[in-house]
Amino acid sequence: MKREGTATRALWHLVSALGAAVFLAPLFFTVSMSLRPIDRPYPTRLELLPAQATLDNFGRALRDGNLLAYGANSLLVVAVAIPLTLLVASWAGLAIAHARPREQRALTAFALVALLVPQGLIWLPRFLLVKWLGLMDTPLALILPAFMGTSALFTLMFTWAFRRLPEGLLDAAALDGADALRVWWSVAMPVVGPTILAVTALCFISYWGDYIDPLLYLKTPARYTLPVGLSILQQADRTRWSIVMAGAALYALPPLAVFLAAQRFFLSSRRTLWLG
């Protein structure tokens, strides 16, 4: 039995290492290509690190692609969307978690069904809503989903996290005279820290990597976000892939840093979600 358990763990580690290699290989070769001087021919074989590696391409990408301005626009959207998402999703999650059993099952089922709706089906209704609200060509058009919790997944994550709270904890706080906001802020939220960090990381990646919404709602180039700016850089420098790859590496750095920083809490929250 012990030998079988050791073999199973070894196989699991091998599969995990292969999976990690598959996902990390594109990032590695992006960085490798970004270090290649633009006046050198492209390699004809596998090259881990280019000869005469240089960081000049990163400066060219920032300058020629105006990536700093586009990055500032993306940071603005992220800085507003994340707190709004945490606020709305946690409120909804707490309400569902402590609703009566019948309402709780119905609301949870509704959230699960919402996760199954393809994004393409809501682009037209959301476009018409943004146009009706007069938010076209403004950052608020990109932030609008945060007013609804961004994704039903985030509401479900908070729901399952709050369901693990002791039954009498919130009731005791209410008996002590705490109102609903006080119970939410002082009692419920401090207990679900891993879920907060996991939702923050996923929300950051969602808004940082959003490419479709800026194309749909923004018309002024100065308001474009970083994914659109990177696409513009790619079209302008089709023959200088080292500069394009440098821009792609800069674009991937913030979400990678956020995910690595919150990885332990993300895994903890995922176990909470699946275990209920």
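Between Lys219 and Trp185, the distance separating the two model label sites (each 7 Å from Cα on the Cα→Cβ line) works out to 4.1 nm. Membrane-span-like helices in the chain, defined here as complete DSSP H runs extending at least 20 Å along the helix axis by their C-alpha atoms with mean Kyte-Doolittle hydropathy no lower than 0.5, are 2-34, 67-97, 101-116, 119-133, 193-208, 241-261; this is a sequence and geometry rule, not a statement about a membrane.
Packing, as the average of other Cβ atoms within 10 Å across residues, places the peptides 15-22, 127-134, 74-81, 242-249 in the order 242-249, 74-81, 127-134, 15-22, highest first.
None of the figures in this text is laboratory data; all of them are computed from the coordinates on show. Values in this document were obtained by computation on a predicted structure and should not be read as measured data. Please note: Cβ atoms are built from the backbone with ideal geometry, for glycine as well, and neighbour counts cover all protein chains shown.
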